[in-house]
Amino acid sequence: MLGISMAVRTFAAFALCAVLLTLVGCGQSSYTWGWYVVWPGTAQGQRNIGFLLTGLTNTITVSVTAILCSVTIGLIVGLLGIAKHRGARAFNRGYVEIVRAVPILVLVLWVYYGLPVLFESMGLNVNFDVFTSGVVALALSDSAFEAEIFRAGIQSIDRGQHEASDSMGLTYMDKMRFVILPQAIRRILPPLGNQFVYMLKMSSLVSVIGMTELTRRANELVVAEYRPLEIYTFLVLEYLALILVVSYLVRRLERWMGNPSERGR
Amino acid sequence: MTVSAAGQAIIEMTGVNKWFGKFQALKGIDLTVRLGQKVVVCGPSGSGKSTMIRCINRLENHDEGRIVVDGIELNDDMKNVTAIRREVGMVFQQFNLFPHLSVLQNLSLAPMRARGMARKEAEELAMLYLERVRIPEQAKKYPGQLSGGQQQRVAIARSLCMRPKIMLFDEPTSALDPEMIKEVLDVMIELARDGMTMVVVTHEMGFARTVADDMVFMDHGEIVEQAPPQDFFANPRSDRAKLFLSQILSH
């Protein structure tokens, strides 16, 4: 598969660059490299890598869950943005402007530490665990950007498509479902793929509230081994590998969604 | 068509005014179209022809006056509007086919979703109309693979699949290359012979002579003249109509 070999080659190139850069630095300072801490050839390295990778499941599940939630919220908010109803459009504007303005890290902290207090003051006993807080914060934050992507994508569809659907007596839901959204999704996918990549990276911020994902694990290992350069470099490569997988999947999806009449061109 | 139904008014526009901002696009339009009648609307560009025809299925809202189609008044009640739209087909200058759907899917979508027809039945209906517009062999293709003339014929078939009582044509041949105009007009002439009620905005005066029961001449948002084609072409009463005809028939 062309896509896979491309991804593997990109990854190898970056890994090589990282190693070369550090080797260049080698000769010029008295720093002694400690790659053994993450080297699969030694028992200690294997143990450490195993430890670092225990964060993988959490990084993936928190990102994927947040992506699914944010796409749903984003689509609804985006559709409100093109509604006839003035109140709906106002809600869209308000939501996008406010949510977009909050830094993700701040939102993570606010949801985890602030939201339960807010609920408590309303007499509700809701306790958000770390995972839920992370998903809520990431999904909210990203949904504002996705709402804009959806709105722009839908608005880019020619007015004639709406008029043809309307003139045949299709309901609004049918028009959206069968005519507008299938065309819009093809234009939306590339920027949406960007958001997926972004979301995966931003999941590292959830480490600050104690979720044991990749970044958290790396931090913990750095404290134990005191080898920040080597361990964080490994962390960089972990994210790179994940993101190349996402890019590959988005590209596959784009091709699969492409206009059937343009397939193979 | 039954004899008693013939001649009965199916579109009635009374005192219709419409503004786009400060620009008045329609001024006191009165027009009655009877069942089975073919009305051809002509006039210079910007005269309000398209706006008027688009008011009939409420792609544009009128601001004043009454529009009654098939016994139902068009107003903000979307249920009425949707019901009317199912009885009124429309063919656009730019075809407006759905590019992501095959020709067959373009035709069967509305019968399935808006008429609740089963897929098999809808596809049989689609093939029937594709044969009528003489391109059944293109059923599996996508709009982008067809010529302009073929696309417009698919668009006509798509509207017919809803079995409408009225067909509206908004400059159906204006976006076509000259050699493709005839194939579309032929389909429309055939449709007219079958008794379809038609309102056609077009500059094709040969077509108008052939099928029109009535010519409607518009200028500056008004209906200036309405007459059978033989009268309209032979002795237009207004100076504006004379000028218009001299301009389009001179070459």
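The numbers here are math on the coordinates, done by the rules we state, and not lab data. Small disclaimer: the values here were computed from a predicted structure and weren't measured. No Cβ is skipped: glycine too gets one built from the backbone with ideal geometry, and neighbour counts run over all protein chains shown.
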Checklist line | Distant-in-sequence amide H partners of residue B:225 (H built 1.01 Å from N, under 5 Å) | finding: B:217
Next item on the list: Take peptides A:116-125, B:171-180, A:68-77 and line them up by average Cβ neighbours within 10 Å, highest first, as a rough protection proxy.
Entry: A:68-77, B:171-180, A:116-125
Notebook entry, point to check: Any number yet on Rg/Rh for chain A, C-alpha, Kirkwood?
Noted result: 1.06
Margin query: Over the Cα atoms of chain B, what radius of gyration and what Dmax do you get, in Å?
Written below: 18.0, 55
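Projected area of segment B:125-216, taken from the Cα convex hull and averaged over every viewing direction, in nm²?
Numbers: hull surface 23.5 nm².
Quarter of the Cα hull surface area: 5.9 nm².
How shielded is A:175-185 by partner chains, expressed as the average number of their Cβ atoms within 10 Å of its Cβ atoms?
Details: counts 2, 0, 1, 8, 5, 1, 0, 4, 4, 0, 1.
Other-chain Cβ atoms within 10 Å of each residue's Cβ, averaged: 2.
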Note to self: Just checking the output field for B:77-87: average partner chain Cβ neighbours within 10 Å of each residue's Cβ?
What the structure shows: 2
Margin query: What is the angle, in °, between the Cα long axis of helix B:178-193 and the longest principal axis of the Cα atoms in chain B? Nearest 10 is fine, range 0 to 90.
Written below: 90
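For segment B:150-192, take the alpha-carbon Rg, divide it by the Kirkwood Rh, and send me Rg/Rh.
Values: Rg = 10.2 Å, Rh = 10.8 Å.
Rg/Rh: 0.94.
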Notebook entry, point to check: In units of 2.2 N^0.38 Å, what is the alpha-carbon radius of gyration of segment A:146-185?
Noted result: 1.12
Next item on the list: Could you tell me how many degrees, from 0 to 90 and to the nearest 10, lie between the Cα long axis of helix B:78-87 and the main elongation axis, the longest principal axis, of the Cα atoms of chain B?
Entry: 80
Next item on the list: Report, to the nearest 10°, how far helix A:130-155 tilts away from the longest principal axis of the Cα atoms in chain A, using its own Cα long axis and a range of 0 to 90°.
Entry: 50
Checklist line | Proximal lysines relative to residue B:140, as straight alpha-carbon distance under 26 Å, when same-chain residues fewer than 8 apart are discounted | finding: A:175, B:120, B:182
Next item on the list: Among A:90, A:102, A:204, pick out the residue whose Cα is farthest towards the positive end of the charge dipole of segment A:81-219, where Lys and Arg carry +1 and Asp and Glu carry -1 on C-beta, about the Cα centre.
Entry: A:90
Next item on the list: Take A:196, A:131 and order them by how many other Cβ atoms sit within 10 Å, fewest up front.
Entry: A:131, A:196
Notebook entry, point to check: Which values of log₁₀ I(q)/I(0), to two decimal places, follow from the Debye formula for segment A:56-211 at q = 0.10, 0.11, 0.15, 0.18 Å⁻¹ with a uniform point scatterer at every Cα?
Noted result: -0.42, -0.50, -0.83, -1.05
Margin query: Based on alpha-carbon centroids, what's the gap between segment A:165-193 and segment B:52-130 in Å, whole number please?
Written below: 17
Notebook entry, point to check: Please state the Cα pair-distance histogram of the protein assembly as shown with 20 angstrom bins from zero: what percent is in each bin?
Noted result: 18, 38, 25, 15, 4, 0
Check: For segment A:58-103, how big is Rg over Rh, using alpha carbon atoms and the Kirkwood form of Rh?
Finding: 1.11
Note to self: If each DSSP helix of 4+ residues adds -39,500 (n - 2.57) and the sum is divided by the residues in chain B, what number results at 222 nm, nearest 500 deg cm²/dmol?
What the structure shows: -11500 deg cm²/dmol
Margin query: Please compute the average number of Cβ atoms from other chains found within 10 Å of each residue's Cβ in peptide B:108-114.
Written below: 5
